[in-house]
Amino acid sequence: MAGDRVRRPGEASEAGRGASAGLGDGIGGGLRSGFAAVVGRPNVGKSTLTNALVGEKIAITSSKPETTRHRVRGIIDGERHQVVLVDTPGLHRPRTLLGERLNAAVREALADVDVAVVCLPADQAIGPGDRFLLAALPPGLSKVAAVTKADAAPRAALAAKLVEVDRLADWRAVVPVSAIGGDGGPGVGELAAVLAGAMPAGPRWYPRGEATDEPLEVRIAELVREAVLEMVRDELPHSVAALVDEIDLPRIRVWLFVERDSQKGIVIGRRGAGLKAVGSRARPQIEALVGRKVFLEIQVKVAKEWQRDPKALNRLGF
């Protein structure tokens, strides 16, 4: 996370460089490729938009703010283009060490991409958080405004919002989008075309057909955490972390970490009803991901004040 910049595939080793070079249709073949960071303040639809652009669920979503906690790469792949999307945590005023690391991850992502996709919801007023984000963008970085949740605003209000957004910055394009119902929503295809056109000439970073480079264990842990977010009260979501302890199909063991004993009781629920609900929500998506039935074992541990503990954050991958 913080400290792990948005590394281009193949930079890590000579073997990686050779693999990337072997993907074909590079600069000489007329391919346009590059990286686009999807940014915005918390809860403005970044992950939902990323999933719609990719055409597959690669990032968890929730009505709770600050759901995204690490950079998630998704791939828009075409015959003559490849856009690697980097879904980022919401830039916010941090209250914990975790929050500081999430903000650092956003800034590091912005330092190593070709385009910033700035998400501004159609049904919310532009505020200090949006202006703070725009001020944090690196000078000269190409910017595209995605006016998200366009379906939530009446036509006249949406038109006024587009004019307001257009005046905020020097945009490459301002695109109203609605990712409701998954991929193919209004404006999603137009935004994908804008991003493809904004990419420089370059190689195909990933093989055709790949949707993300997220490790399986990370995707599974996130699906379990998403299930927790859908069932817990507002004060608990930020205190929950998930980590896959073991994958030995069909068995998968996942640890859920909370900060206090009282939170452990909430997640487990009366006679284990809470954990059962979490498993029931997460299991079908995990089975679709791995392509088979799974036995999901979820256990809850207390890691006191883990959001403020550097060692705990390191162990949890932050």
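Could you identify the single residue in ALA157, ALA169 that is in contact with an Asp or Glu (Cβ under 9 Å, 6 or more places away or on another chain), in the same structural domain as LEU49 (by TED's automatic domain parsing) and surrounded by fewer than 22 Cβ atoms within 10 Å (Cβ to Cβ)? Steps first, answer last, please.
Details: ALA169 fails: in contact with an Asp or Glu (Cβ under 9 Å, 6 or more places away or on another chain).
The conditions single out ALA157.
Any residue that is over 19 Å from the mean Cα position of the chain (by Cα) and surrounded by 14 or more Cβ atoms within 10 Å (Cβ to Cβ) - is there at least one of those in the stretch 223-233?
Taking every residue of the stretch 223-233 in turn, at least one turns out to be over 19 Å from the mean Cα position of the chain (by Cα) and surrounded by 14 or more Cβ atoms within 10 Å (Cβ to Cβ).
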If we keep only residues of the stretch 234-278 that are of a type in the set (Asp, Glu) and in a strand (DSSP E or B), then the residue surrounded by the fewest Cβ atoms within 10 Å (Cβ to Cβ) is ASP248
With criteria (1) surrounded by 21 or more Cβ atoms within 10 Å (Cβ to Cβ); (2) more than 14 Å from the chain's Cα centre (by Cα), ALA105 comes up short on (2)
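So is ALA282 within 26 Å of PHE318 (Cα to Cα), in contact with a helix residue (DSSP H, G or I) (Cβ under 9 Å, 6 or more places away or on another chain), of a type in the set (Gly, Ala, Ser) and in contact (Cβ under 8 Å) with a residue 24 or more places away in the chain or not? Please lay out each step first, then the result.
Working: within 26 Å of PHE318 (Cα to Cα): yes; in contact with a helix residue (DSSP H, G or I) (Cβ under 9 Å, 6 or more places away or on another chain): yes; of a type in the set (Gly, Ala, Ser): yes; in contact (Cβ under 8 Å) with a residue 24 or more places away in the chain: yes.
Yes; evaluated as a whole, the condition is true for this residue.
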LEU110 vs (1) among the hydrophobic types (A, V, I, L, M, F, W, C); (2) under 21 Å from VAL175 (Cα atoms); (3) touching a helix residue (DSSP H, G or I) at 6+ places or on another chain (Cβ under 6 Å); (4) surrounded by fewer than 22 Cβ atoms within 10 Å (Cβ to Cβ): all pass except (3)
From the option list PRO203, PRO186, single residue qualifying as surrounded by fewer than 17 Cβ atoms within 10 Å (Cβ to Cβ) and assigned to a loop (DSSP other than H, G, I, E, B) is PRO186
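The values are calculated or read from the model by the stated rules, or taken from the named source; none is laboratory data. Every value quoted in this text rests on a predicted model; they were computed, and no experiment measured them. Cβ sites come from the backbone with ideal geometry, for glycine too, and all protein chains shown count toward neighbours.
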